[in-house]
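*Asks:* Sharing a structure with you now.
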Amino acid sequence: MVARSTLGQTYTVQAGDFLSAIAQKFYGDGSETAWRKIYAANQATIGSDPTQLKVGMVLVIPPKDSGGSAGGTSKGNFQAMLAAMGAFESGIPDGNPQQYQVENSLGFMGKYQFGEPLLIDLGYYQAEVFYMHGADRNNWQGRWTGKRGVDSKATFKNSSEVQEAAIREAFALNLSRIKAALAEQGQSVDGYLGQVQTFDRKTVTISLSGLLAGAHLSGPYGVANLLLKGVVVGDEFGTSILKYVDEYGGYEVTPADFS
């Protein structure tokens, strides 16, 4: 049942309804981005699990153009998120090809500051001794596997295409690890998205883009521990995971963007 209220258009949940179908009805779009817009506006009514709709619930339907993966104004799409994060990580403005060749004092390199452990996990690199596993920096003295044609550090630094593919692979891997860690405690990523939470006196809205950025900074288990235990960690230079969760939250990102 559709009606109007002082808050705007509303809809009364019917038997068999689910959020993607409601989003399709009102927006012509049943994607995760669309249904999360409705969920974010109605989380107090629906609860922590967006799949648990009950017949008779009255949902506020935000305007289609209200934007924001967490119910606020959208900061942009997936490419906009990568542009913002890459500019900060590399220290070079978006669009400058020198982003891909940057290397910092600890040996993290490229537009997204890849380190040895991540590229080992992604199958690009192999080493017995590497950063945080017998070494206090990324020395890149191991062996490159040849994945995507990368046979050396120089090849990796000079390939924008490989680095853009690798960050997508990293997001997919990190999201799978976050989901697994939460599932061990009977939780889910969906149960947190759209929530407004305060950690160390900083209030943030949980969004998929923010969680992905936080995992890139502090690892997937850093994100899981933040959500499950409120543990706030940072990187080697003192950047807090909360900065990434907040600053890179609110972009319109779905798993389809990087799967």
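*Asks:* Within region 40-57, list the residues whose amide N lies under 13 Å from a label point set 7 Å along Cα→Cβ of Phe18.
*Replies:* Of the residues in region 40-57, 50-53 have backbone N under 13 Å from the label point off Phe18.
*Asks:* Applying the Karplus parametrisation 6.51 cos²θ - 1.76 cosθ + 1.60 with θ = phi - 60° to the phi angles of region 199-215, what ³J(HN,Hα) value in whole Hz is obtained for each residue in order, glycine and proline being reported as x?
*Replies:* Result, ordered by residue: 10, 6, 6, 10, 9, 9, 9, 6, 9, 4, 4, x, 5, 5, 5, x, 5 Hz.
*Asks:* Toward the positive end of the charge dipole of the chain, about the Cα centre and with charges on Cβ (Lys, Arg +1; Asp, Glu -1), which of Thr145, Leu173, Thr45 goes farthest?
*Replies:* The residue sitting farthest along the positive end of the dipole is Thr45.
*Asks:* Can you compute the FRET efficiency between Asp151 and Gln197 using 1/(1 + (r/R0)^6), with r the Cβ-Cβ distance and R0 = 35 Å? Round to the nearest 0.05.
*Replies:* Efficiency for this residue pair is about 0.20.
*Asks:* Further, regarding this structure: Quick one: angle between helix 78-90 and the longest Cα principal axis of the chain, in degrees between 0 and 90, rounded to 10, please.
*Replies:* For 78-90 against the chain, the angle is about 40 degrees.
*Asks:* Next question, about the same structure. Which whole-number percent gives the relative contact order of region 113-259, counting Cα pairs below 8 Å spaced six or more residues apart?
*Replies:* Normalised by residue count, the contact order of region 113-259 is 17 percent.
*Asks:* What's the extension gain from Thr51 to Asn158 if we count 0.36 nm per residue and subtract their Cα-Cα distance?
*Replies:* Length difference between fully extended and current span is 34.0 nm.
*Asks:* Mind checking the per residue accessible area of region 201-259 for me, 1.4 Å probe, whole number of Å²?
*Replies:* 38
*Asks:* What ranking, highest mean first, results for peptides 235-246, 112-123, 85-96, 127-138 when packing means the other Cβ atoms within 10 Å averaged over each residue?
*Replies:* Sorting 235-246, 112-123, 85-96, 127-138 by mean packing, highest first, produces 112-123, 235-246, 85-96, 127-138.
*Asks:* Could you work out what % of the accessible surface of the chain is carbon and sulfur, using a 1.4 angstrom probe and leaving DNA, RNA and ligands out of the count?
*Replies:* That fraction is 50 percent.
*Asks:* On C-alpha positions alone, give me the angle between the axis of helix 160-183 and the longest principal axis of the chain, in degrees, nearest 10.
*Replies:* Taking Cα atoms only, the helix is inclined about 60 degrees.
*Asks:* Still on this structure, I have one more. Need one number: nm distance between label points at Ala44 and Asn77, each 7 Å from Cα along Cα→Cβ, rounded to one decimal.
*Replies:* Distance between label points: 3.4 nm.
*Asks:* If I stretch the segment between Ser31 and Ala135 completely, what's the gain in nm (0.36 nm per residue apart, minus their alpha carbon distance), one decimal?
*Replies:* Contour length minus Cα-Cα distance gives 33.0 nm.
*Asks:* Another question about this same structure. At a threshold of 8 angstrom on Cα-Cα distance, excluding pairs fewer than six apart, so keeping six or more, what relative contact order does the chain reach in percent?
*Replies:* Once normalised by length, the contact order is 17 percent.
*Asks:* While we're on this one: Any idea how far apart Glu128 and Ala165 come out in nm if each label point goes 7 Å out from Cα toward Cβ?
*Replies:* 3.0
*Asks:* Quick check: the angle from helix 220-229's long axis to the longest principal axis of the chain, C-alpha only, nearest 10 degrees?
*Replies:* Approximately 40 degrees, to the nearest ten.
The values are calculated or read from the model by the stated rules, or taken from the named source; none is laboratory data. Bear in mind the structure is a predicted one, so any value in this text is a computation, not a measurement. Note that each Cβ is placed from the backbone with ideal geometry, even for glycine, and that neighbours are counted across all protein chains shown. These accessible areas exclude ligands, DNA and RNA; they are computed on the full protein's heavy atoms, side chains included. Shrake-Rupley method; radii C 1.70, N 1.55, O 1.52, S 1.80 Å.
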